[in-house]
Every structure is written in C-alpha cells, then in structure tokens.
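Bear in mind that the values in this text are calculations on the coordinates, not laboratory data. From a predicted model like this one, the values you see are computed outputs, not experimental measurements. Here the Cβ positions follow ideal geometry from the backbone for every residue, glycine too, while neighbour counts run over all protein chains shown.
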There are 2 protein chains.
Amino acid sequence: MSNLAGSEAGGKPEKFRRQAIEVSAAQASILPYAHLLDCERVLLAEAQGRTLAENITAPHPYPHFRRSGMDGFAIISADTKGCSSEQPVELEVVDEIPCGSLPNVKLVSGTAARIMTGAKVPDEADAVIMFEMTKEIHKQDANHQKKKYIEIRREIEVGKNLTPVGLELALGDLILEKGRHIGTGEISVLATFGIHQVPVVRRPRVAVFSTGSELLSVEEPLQDGKIRNSNTYMLANQIREAGGEPYILHAIEDNLELARSKVAAAFAQYDIVVTTGGVSVGDFDIMADLVTGNDVQMLFNKVQMRPGSVTTAAVKDGKLLFALSGNPGACFVGFELFVRPAIQKMLGSSQLFLPEFSASLGKAYSKVNSFTRFVRGRLDYSDGRVVVYPAQLDESSVMITIKDSDVLIVIPPTTTGVHAGEMVKVLKLPRSTA
Amino acid sequence: MSNLAGSEAGGKPEKFRRQAIEVSAAQASILPYAHLLDCERVLLAEAQGRTLAENITAPHPYPHFRRSGMDGFAIISADTKGCSSEQPVELEVVDEIPCGSLPNVKLVSGTAARIMTGAKVPDEADAVIMFEMTKEIHKQDANHQKKKYIEIRREIEVGKNLTPVGLELALGDLILEKGRHIGTGEISVLATFGIHQVPVVRRPRVAVFSTGSELLSVEEPLQDGKIRNSNTYMLANQIREAGGEPYILHAIEDNLELARSKVAAAFAQYDIVVTTGGVSVGDFDIMADLVTGNDVQMLFNKVQMRPGSVTTAAVKDGKLLFALSGNPGACFVGFELFVRPAIQKMLGSSQLFLPEFSASLGKAYSKVNSFTRFVRGRLDYSDGRVVVYPAQLDESSVMITIKDSDVLIVIPPTTTGVHAGEMVKVLKLPRSTA
C-alpha cells in the first residue's frame, strides 16, 4: 500500500462539511423516532429496575380493615368517659385477637378484646388502649369461673391507636403512574396490592459496534499504536443503567461496504444501533459515508458541544442510529445526552433527560470555548450548599476521570471561563449506587 | 381454641424487658461479625455492580504511546521556527498514519507525516499541526514523480496536539482501590487496561424470612384481617441494591419450634439471615424467644430510634441474624441502618453506611420524641441549596411514602419539633437510578 494512499483526493472531501446545531435541537430531532415499545408482564420478583407500562390503581383501600396500631386492648371509648386514677373503670377481657385473626366475640359496653399490633379491631370498638396503660385483674364470677378484667385510669379518645380503612390509599386511587421506574418503594406497593404480574415496557435492544482497526479486544495483549476497545464495555454499562439491553457486536474494521452490511443487519434485529469511533474528521472515517446513503435520513452530524461535537444521529428503517465519538469522554457524554433520552422515551419513562439543577462551582473553570462544554465533575454537599468540582482532566480523549464523576457541569460558551462560586447548571449522572 | 389462650401468663413475660441502645452503638456491635467474603473472578461484561476485591494498578502507562490529539500532520517543530504568512515553510508529506498503524518512514527535517486523531506520532516528530492550518501543494520532482507538500504559515510549539505517554496514568499507578463499587467509569478503566477477568468479592447470600400467620402471599386473594407479605419483596430489592443476593424463604408461622429449626437450617446455607415481623411486643411474638437460646448471642433487641425501635440483632454460628420489624416503614429503615452496613463490610466496601450530609429542612417537622427519628424525605436542590422535605405520612406502619423518598432525615430527640429552615442531618438512600 502506498504511503500516500488516499491523499489523491486532495484534502478533505465534501462529506466533512458539517453544520453544528444546538444540543437541545439535536435532542428534539431524535425524540420523534423513539417509539414506545410493547408492554410485557414480569413476575414481581423480577420487576426491579423496569419501567411501568400502565397506571396502577388501588384494587382495595389500604389498610383494608381497621387496624390496631398498638399492642393492647380494643375498647368502646365511651366506657372510659370520666374515668381517672381516682375513678378507674374495669372492662372484662372477652376476646383475644392476634394478627391475621378475626374477632370471635361481639364487644358490648363493659368489655374489651386483647389485640396485637396490626390485628383487625372489632367493629364495635372505636379505640385501642396501649397494653402498658392497663392493669390486669383476675376475678372469679358467681360460678367460680376465672375472669380477666383490665383497669383503665384515663379517658381514651375515639380513634386512639386505630388506623382507619384507607388511611394510606382509597379504592381506585392512582398508586403508581405509568413511566415510573420500579425501585424498592414501588415493589413494596405492588406487593401490598398483590400485583404479582407487573406490566412493564420491554427493554430496548441496543446494538453496539465499535469501528476502527486500531482497536484491540480486551483479552488481547497490548500492541504499539493500538488501544483496547473500552468504549463498548462502557456503553454496555450505560445502556443497562438507562434501562436498555446491550448487545455488543463485533468491531467494524475501516471498510465501508462491510460496515454498511453489518449495520443494515443490526437494524433488522435491534431497536437502536450505536457505533463508537470512526466519526473523527480523518481520511479513513467511514461513519460519515454510512449515514449518507439514500435509505438513511441524517438528523445531525455536528453539535455545538464539547466534548462530542461530531456526534451523529440518523434514522434508517424507522430506527435510530447514533454514531458516537471514539474518544471515551466524548462517547460517554454523547450517550448520556442523546442515546439515554431515546431509550427513556421508548420505555415511556417520565424522566427522559438527566436530572438538572443548579449548583455553585467549587473551583474556577478557565477553558474558553465557543461551544457549550459538558465537564465531568464531582458533586459535594457542604453545609447545605450544592457545590460541584470540575475534574482535573476533562479532555475528550481522557477516560480516567469518568469514574470519579457524578455530574456533568454545563459551561456555556465563554471567552473568560467561569469563576469559583458562580452558579452553574448541572446534569446528574446515573450511578447504580448512591 | 379458647378466646383467652395465652392470657394465663398474666401480662407480659420477662423476655420483653428491653434495654434500648443508641443507633451508633448498635451499628458498631454488628460490624465485628461481618467478615470479608472470598474473592472470585468474573468476566468484565458481568462486573457491573460488583465490589473490587483487589487494588488495581496500571499494567502500562496510559496512553502507552505518543498519541496525536488532532487530525493533521506530525512534524518536527523546529522546522517551523520563524515561519509566518510572509515566510511560509513547505514540508514534504512522506507518510500517512491511520489509527492503529505504525509510522512507515523515519521523519527527517523538512518532512511531515499525515496522521489521524489517536494515531501514534513518529518518534522523530514532536508536534502535530491541525489539518485545517495547512495547505496542500502538489509538485513533480526531477524524475517526474508526484510529490505532496504542506505549507505552514505559523510557528508550532513543541508538544502541540501531542498527548505524551502516561498523561493519564503512569505504569504502576493505583487506578482502582479495592472496595470500590464497579460502575461505568470503573468498567471503562478495566477495559482500557485489558483486565477482562475482574477480581470481585463474592456477594453475601442473604436469607429472608417473614413471620406471622397474618401474612398472605402476593398471589393470594385478599382476606379480612390479613395483609400481604410485601416486606420480603421490599427486602429482596434492598439486599440487591446493597450488593447481596436475596433468597426468599417461606414465611414462618407463629410456632417457636418450627421457627427455630427453619432459622437453624438457614444459617448453614446463607451468610446472613433476616426476618421481618414477629418482633412487636405481643403475646404471640416468637422472635424474642428465638434469640434467647444458649447458642445465640444477642447483640441488641431495642434501639433508640423511630421507627424500628424493636429491631433485634444476634449472632449464631458466627453469622448475623437480624430480626426487623414487620411494619414496612420500620423494616425499611432497620435494613438500611443495620443490614446494609453488614453486607457492605462483607463486600469490603469503602462505604459501609448511607452517605451523610446536612441540608435545610423545607417544612417544619412537629412530632416530638425521646428517640432519634429517621424520617423518610425527598431531596430537592433549589438554587444551590440542599433542601429536604419530610414525607406527609411517616408512621412505622406506613408503606406508601417509601417510594417517594430518597433520603432519611435524622431528627434528634426533641420536645419541640424542628422548624422549617433549620439544618438537619440527612442520610442518602440508594436508588437504582438518579
């Protein structure tokens, strides 16, 4: 092969003319092609991390019976009217109600039922007195039958220690909205209402290709001039965190026809196709060619952002193709800003974009740029303030600081940098733990 | 069965005398029994969410070759000394270096190599000039051979657009500490260094029992006076989030001997045993009996906290047993304060407890208590301030607000409540998403 191969074209061909659009416009252009996927039912034990496909309404009030909030005695509160240490009242204990059991005896004035926390209060009772506030007295009646009484020395108000039906939820209340992510609290609600088959949205199947013959697989020994294919592993993780199912496909070498056929095959099988690498403005770039065919509609091929300005999105066969940068920092950011919202929309999620809030910049950021920068950073709460610290190394090509970042700090176009203490917009990154 | 069954004992027996200890003392009493588990190796693609068992040091510098940061030409910077628009310099293009390839030609003064972003810079070059800052010129030499030159019109400094070896990491640098949770950034690092078999700590196997005959399985139709067994599903979720493997065992009915034998069998098979329910101070409580055997060492059976004051921890056969409240709110909090740290310690995690910070209380909390309260709440960032809002319903028995909470607000013992705007300590709950 000639050392000058490819140079005959005389500089950069037409395909590299790119019009940079704003991040918000780029995001908006994607969403119409991210269609809600089907509903499927999974067992409650497997619902963690999924997205609800339907609104869930309460099939019964909760609590569904009048529940004792204390270990004690169910009573008719009027029986304690006017009683005191000087004038205690005695009630005969005629029943005992453990959790899960029903009352056996109808209470009448002058009687009480021993009751456990969480047990059903007899219909006739209207209060529960704490065990510790009573004194047991044993007597024998005229027929020498042992009888148990409790002595009460204070008035008990109606409703005391008694959780009414529907305190938490009434029949038909909306309990979980569709689009909600299913975590611990949601599981608890679903179990409480016996929803053991949970309607969830099918996870988008996301194919990941890396491109570029410089890539070694992670198992290969290092070679001079080559790097390992770390982005696909990183993307697989990001896809799972976003609620998708990643499928790592073989790396595409720098060959346009091969790339075309591999990508076409992927569209038949997956919901989204993501590539990483091969989008930089080099003579050997093939992704630019890939999105210029007649059957492909390009949405954008340059975005007013750093890193990741050459991020590309296109539509083929009604499905989204994202061509992310091969630089790890740019690939990471490109996924979170563009692929995540597409996945979330396909899941019907109520939160398409990374959560956004404002924070104080903990350390000056001095780089200037005509594009908005999405700078990796670390979130810190000190004394009630939200402070963010930009990573020391935030170049597009830098991988090492991704692991220490929990936010992206949004630095608008600036010719002066941003001072410490200024307020900045912050996007919260997903983390599988706190 | 007599309506008065169990009442012959005449009030509450000895076993219910409980000494409440402080939360921190309770936590400290558990940790000596939470032993680090074995290391196992998993494939990189399966390492997400695991905890690193060993320190990882860089097996090579990163980058491991001098990398071009631009699409352009590798040059010897001294060749541009003194050049300008008036006095441009011409360099002959003698090589072309795509990503992943090695230089073919040794550069000498007066020559340059076309180079792509990410490719290896020839050893003789000390800078890269951007493609856009050059002009190509084609000439024929004396033998009518076509030759390509670039014209340069400004001085280029040494090191320009050239990432030196080891910029991110030097050989032997500590890159990931043991005990670290493996997320997206960590995966990226591991892949970059070719660590395709990742040393992780085995997940603790955590058995979950529910107790109490009031419990219906989630599949059963509702019955009067009974509730569904939602806590075990909630706990399974919490266990997974904490890094453990949950094993849901059958509910234990209110029978001491049956409970004893079931729990003993669980200790042989699992690393931790958790029960929920049966710890309230009722006549039918069996958990109290369960932790009073000769072979069981009780660590605590009452904690100065609300909810969950009757949380119990014990050690049997060197393994931890946690008896959590059957009330969903108390069960939830008891897990996060006591079981989570045990799991994290067994994983060798660097973060045993829920992350803690201070925040401003967004709404007055008026309940008084002699014990510290752990109140479910919602975190809000507004204008750079961290504000927390207590849930409307935070009773021990209330389940519905767990799903809307991302923090526990720590309300110290108070006789007056806490006013809006006061600073409070906050514990961040794990959430599988942001």
Fraction of beta bridges assigned by DSSP in region B:309-400 that are antiparallel (%, nearest 5)
85 percent
Over the Cα atoms, compute the radius of gyration (one decimal) and Dmax (the largest Cα-Cα distance, rounded to a whole number) for the protein assembly as shown, in Å.
33.4, 136
Per-residue counts of other Cβ atoms within 10 Å, averaged by peptide: what ranking do you get for B:338-346, B:379-387, highest first?
B:338-346, B:379-387
From the label point of A:Ala170, set 7 Å from Cα along Cα→Cβ, how far away are the matching label points in the other copies, in nm, ordered shortest to longest?
7.0
Over all residues in B:175-185, what is the mean tally of Cβ atoms on other chains that come within 10 Å of each residue's Cβ?
5
Give the calculated FRET efficiency between B:Ala78 and A:Glu245 to the nearest 0.05, with a Förster radius of 60 Å applied to their Cβ-Cβ distance.
0.65
I need to check one value: relative contact order of chain B, counting alpha carbon pairs closer than 8 Å and at least 6 residues apart, in percent.
16 percent
Computed about the Cα centre, the charge dipole of region B:67-163 from +1 Lys/Arg and -1 Asp/Glu charges at the Cβ has a magnitude in debye, to the nearest 20, of 160 debye
Averaged over the residues of B:89-102, the number of partner chain Cβ atoms within 10 Å of each residue's own Cβ comes to 5
Determine the shielding of peptide B:187-200 by partner chains: average, over its residues, the number of Cβ atoms on other chains within 10 angstrom of each Cβ.
6
Ranking B:Pro32, B:Gln87, A:Thr275 by how far each Cα lies towards the positive end of the charge dipole of the protein assembly as shown (+1 on Lys and Arg Cβ, -1 on Asp and Glu Cβ), the top one is B:Gln87
Considering only the label points, 7 Å along Cα→Cβ from Cα, what distances in nm to one decimal separate B:Leu102 from the same position in each other copy, shortest first?
8.6
For region B:295-307, Karplus couplings with θ = phi - 60° (6.51, -1.76, 1.60), whole Hz, Gly/Pro x:
8, 10, 9, 7, 8, 6, 10, 7, 10, 6, 8, 9, x
I'd like to compare A:19-25, B:62-68: which one has the highest average count of other Cβ atoms within 10 Å, and what's the full order after that?
B:62-68, A:19-25
For chain B, the longest principal axis of the Cα atoms and the Cα long axis of helix B:231-242 enclose an angle in degrees, to the nearest 10, of 30 degrees
Between A:Asp383 and B:Ala170, Cβ-based FRET efficiency (R0 35 Å, step 0.05) works out to 0.45
How far is B:Ala265 from itself in the other copies, in nm, if each label sits 7 Å out from Cα along the Cα-Cβ line, shortest first?
5.1
Here the FRET efficiency for A:Val105 versus B:Arg18, based on Cβ atoms and R0 = 30 Å and rounded to 0.05, is 0.45
Net charge near A:Ala342: determine it from the other residues with C-beta under 11 Å of the C-beta of A:Ala342, scoring Lys and Arg +1 and Asp and Glu -1.
+2
Find the Cα radius of gyration of region B:67-163, compare it with 2.2 N^0.38 Å by division, and give the number to two decimals.
1.00
Taking every DSSP beta bridge that has both residues in region B:67-163, what percent is antiparallel when rounded to the nearest 5?
80 percent
Spin-label point model (7 Å from Cα, Cβ direction): what's the A:Gln87 to B:Asn143 distance in nm?
12.6 nm
Can you tell me the alpha carbon radius of gyration of chain B divided by the globular rule-of-thumb value 2.2 N^0.38 Å?
1.48
For region A:406-415, in order, what is each residue's ³J(HN,Hα) by Karplus, 6.51 cos²θ - 1.76 cosθ + 1.60 with θ = phi - 60°, in whole Hz (x at glycine and Pro)?
10, 9, 10, 8, 8, 9, x, x, 8, 9
